[in-house]
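Undergrad: Got a structure here, written out as structure tokens. Questions coming.
What follows draws every value from the coordinates through simple rules; no lab data is involved. The structure presented is a predicted model; accordingly, all values stated were derived computationally and were not measured. Positions of Cβ are generated from backbone atoms using ideal geometry, with glycine treated the same way; all protein chains shown enter the neighbour counts.
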């Protein structure tokens, strides 16, 4: 017979399993189902005559130049991902050398990851200010980064995104570096391998699971970006993302039908890209 302690442990195990499961069912699965249904209607909470309209919302979306621009902007901002991964890896290797004061560097570079996104965007608005910004002053430029031009604001967001994410990437790579067997480097030294060869042939392959994790999470995070468009760019059309478009149509204009359709397209896009990355990972992710 099962002891009372075993039954008690089983009961608490079930409770702890149910908590995230219920959260997923209520806040994710049900929300997805409702969004899928509302995407097929012209639902408006302040109207009572909304009705089922089939795929009309999806057809309208792909004829809407603002939605198409939001798609382009969102995927364009993904250019920040390889740069943040590269800089994060190089910083992790540098800090892993164990020089004096490396803990201070860790804290400095990790601060953006734990800072308020709103505060960060406000500070960067001052940095990119075309008239009195420190960036233009330091580089001797007169670029209107936050103006009405399409490209300056895009590159400003990419620069800010790299700065914001490099700290978290560095910490993850640094944790991965702690698990690289020193015997591999010692064997490479015996074979006469250079530092560059050890980095390419040992460090990079062994860190590939970390690289894969960072790639997936960064991709999903960028596809779901909103704060940059809302706070940093203040709704500049050149910086509007898909999530900003969803917020604009749903919360701002009460057009929840078309907003739900856009959210379904975003969810499906994230799912497809994630599946592709998982399948491609079999060719380059090193399994110990």
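Undergrad: May I ask you to sort 62, 128, 83 by Cβ crowding, counting other Cβ atoms within 10 Å and putting the fewest first?
TA: The order, fewest Cβ neighbours first, is 62, 83, 128.
Undergrad: So, one more: Could you work out [θ]222 nm for the chain from helices alone, using -39500 (n - 2.57) per DSSP H run of at least four and dividing by all its residues? Round to the nearest 500 deg cm²/dmol.
TA: -20000 deg cm²/dmol
Undergrad: Related question: Give me the Kirkwood hydrodynamic radius of the chain in Å, from all C-alpha pairs, to one decimal place?
TA: 22.4 Å
Undergrad: While we're looking at this one, here's another question. Mean-square fluctuation check for the chain, GNM, Cα pairs under 10 Å: which of 115, 263, 229 is largest?
TA: Fluctuation is largest for 115.
Undergrad: Further question: Give the order of 154, 7 when sorted by the count of other beta carbons within 10 angstrom, beginning with the fewest.
TA: 7, 154
Undergrad: When the convex hull of the Cα atoms of the range 4-60 is projected onto a plane and the area is averaged over all directions, what value comes out in nm²?
TA: Mean projected area of the Cα convex hull: 5.8 nm².
Undergrad: With a 10 Å Cβ neighbour count serving as the proxy for reagent exposure, in which order, fewest first, do 28, 211 appear?
TA: 28, 211
Undergrad: Give me the base-10 log of I(q)/I(0) for the range 74-147 at each q in 0.18, 0.26 Å⁻¹, Debye formula, one uniform scatterer per Cα, rounded to two decimals.
TA: Relative scattering, expressed as log10 I(q)/I(0), comes to -1.00, -1.09.
Undergrad: Principal axis extents for the range 137-224, Cα atoms only, whole Å, descending order, please.
TA: Sorted from largest, the Cα extents of the range 137-224 read 58, 33, 17 Å.
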